[in-house]
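Read-outs throughout are calculated quantities, based only on the coordinates presented, and are distinct from any laboratory measurement. These numbers come from a predicted model, not from an experiment. Note that each Cβ is placed from the backbone with ideal geometry, even for glycine, and that neighbours are counted across all protein chains shown.
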Amino acid sequence: MPRSRIIYTASLLIALGMPVFAAEPELRNAPAQASTIANTSGFDGVVEAVRMAVVAAQVPGAVVQLGVKVGDRVAAGQVLLRIDARAADQNAAASDAQVQAARASLDVAAQDFDRQKQLFQKNYISQAALERAESSFKSTQAQVNAQLAQSGVARTQSGFYVVRAPFAGVVAEVAVSLGDMAMPGRPLLTLYDPAALRVTAAVPQGVSAQIVKNAPLRIELPGLPSSRQWLPAVGTQLLPTVDGATHTVQLRADLPAGAAGVAPGMFARLWLPMSGPASSDGTAPLSVPRTAVVRRAEMTGLYVLDPSGKPVLRQVRLGRVEGEQVEVLSGLMPGERVAADPQAAARLR
């Protein structure tokens, strides 16, 4: 049909008040194809600190000094808090005074024993008198040793009123405030070493046998920015015990030292190279373009084309991302086609 006639027909329809429909553009789509990503399986885990200590009180008393707060970095041996130690200091001073008195008595007993030995050598006293003087000297010497031991105990207990950091780390929690009463065994602070972190995941007993030995593991941290979500595991450990309730084995993967933004308690995922199929039904997972993924709040989905070509939003579970492709672990069947442009698919629904 000539162009002039098409324009004339459209103008006539508009003049008569009839709507004119433009041809819908063809929706770009892509097939769900077998993933070319290496055969791996992901298992949810949590970030843990290899060295984490709950510092508790060993003696009772009021907290009179609190020098740290949550998030502070502390050095090994640094003073964290102080407990009122006035009574302990007085006990230590009393023990020191008793030691001095016992030493004075020991000096007198030693001098008397020397005189008794001289008199015995000149046959002025009997053997029994010499033995009594020797016994008195040894008894006084034993009392001095006992007082020294008690004084050492008092000084050691005085040191319990000053709480120091057992290692260099970060203060994760402060369970007391200034003026609180500390009791033996009551937690005061929680400290962890940020340089030694790991991810612990529970792996099914049957799956643990399919893990490829000595193969590199990858750690995914979804809570971090995309540029820092993937980290290599610098060391792994598969515990030899099996949980009798869940029939799972704990797998530990050490994080690289100095990983920015990582803290204990964060959600993580371990991706393990497997010797068998990655999915439970024995088939390989599918992959689709990254641009086809739709994220709305907590829902992750794809626009899947039905037999008539209409896009239908469907929730899916995604796996790893490699380049421009992303794995689809569930929610999609082989051969189905997905909309490569979610915004255009939303307008056509």
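About the centre of its Cα atoms, the chain shows a dipole size close to 600 debye [charges on the beta carbon of Lys, Arg (+1) and Asp, Glu (-1) only; nearest 20 debye]. Angle of helix 86-121 to the longest C-alpha principal axis of the chain, folded into 0 to 90 degrees and rounded to 10: 30°.
Report the net charge of residues surrounding G319, where surrounding means a beta-carbon distance below 14 angstrom and charges are Lys +1, Arg +1, Asp -1, Glu -1.
Working: positive: R218, R269, R290, R317, R320; negative: D44, E220, E322, E327.
With Lys, Arg at +1 and Asp, Glu at -1, the neighbours total +1.
Between 0 and 90 degrees, rounded to the nearest ten: what's the tilt of helix 127-159 against the longest Cα principal axis of the chain? It is inclined by approximately 20 degrees.
Highest GNM mean-square fluctuation among S105, S41, S158, for the chain modelled with Cα contacts below 10 Å: S105.
Going by Cα centres, segment 166-203 and segment 40-102 are how many Å apart? After rounding, the separation between the Cα centres reads 11 Å.
How would K69, K117 line up from fewest to most surrounding beta-carbon atoms within 10 angstrom?
Values: K69 9, K117 13.
Exposure proxy ranking, most exposed first: K69, K117.
Dividing the helix sum by the residues of the chain, where each DSSP H run of 4 or more adds -39500 (n - 2.57), gives a mean residue ellipticity at 222 nm of -9000 deg cm²/dmol. Extension gain, L348-E173: 0.36 nm per intervening residue step, less the Cα-Cα distance, totals 57.8 nm.
Please tell me the relative contact order of the chain in percent, rounded to the nearest whole number, where contacts are Cα pairs under 8 Å and at least six residues apart.
Numbers: 639 pairs, mean separation 88.4, N = 349.
Once normalised by length, the contact order is 25 percent.
Once backbone amide H atoms are built at 1.01 Å from N, A168 has A76 as its partners under 5 Å, excluding neighbours fewer than 5 places away on the same chain.
Look at the dipole of the chain built from charges on Cβ: of Y192, A128, V176, the Cα furthest out on the positive end belongs to Y192. Compared with the dominant principal axis of the Cα atoms in the chain, helix 3-15 is inclined by about 80°.
Taking the charge dipole of segment 46-117 about its Cα centre, with +1 at Lys and Arg Cβ atoms and -1 at Asp and Glu Cβ atoms, the residue from A85, L106, G71 reaching farthest to the positive side is G71.
Note on S208/R82: beta-carbon distance plugged into 1/(1 + (r/R0)^6) with R0 of 41 Å gives a FRET efficiency of 0.25. The simple Förster model, with R0 at 56 Å and r as the Cβ-Cβ distance, assigns S308 and R73 a FRET efficiency of 0.35.
Dipole of the chain computed with +1 at Lys/Arg Cβ and -1 at Asp/Glu Cβ about the Cα centre; of V162, Y303, A146, farthest Cα towards the positive end is Y303.
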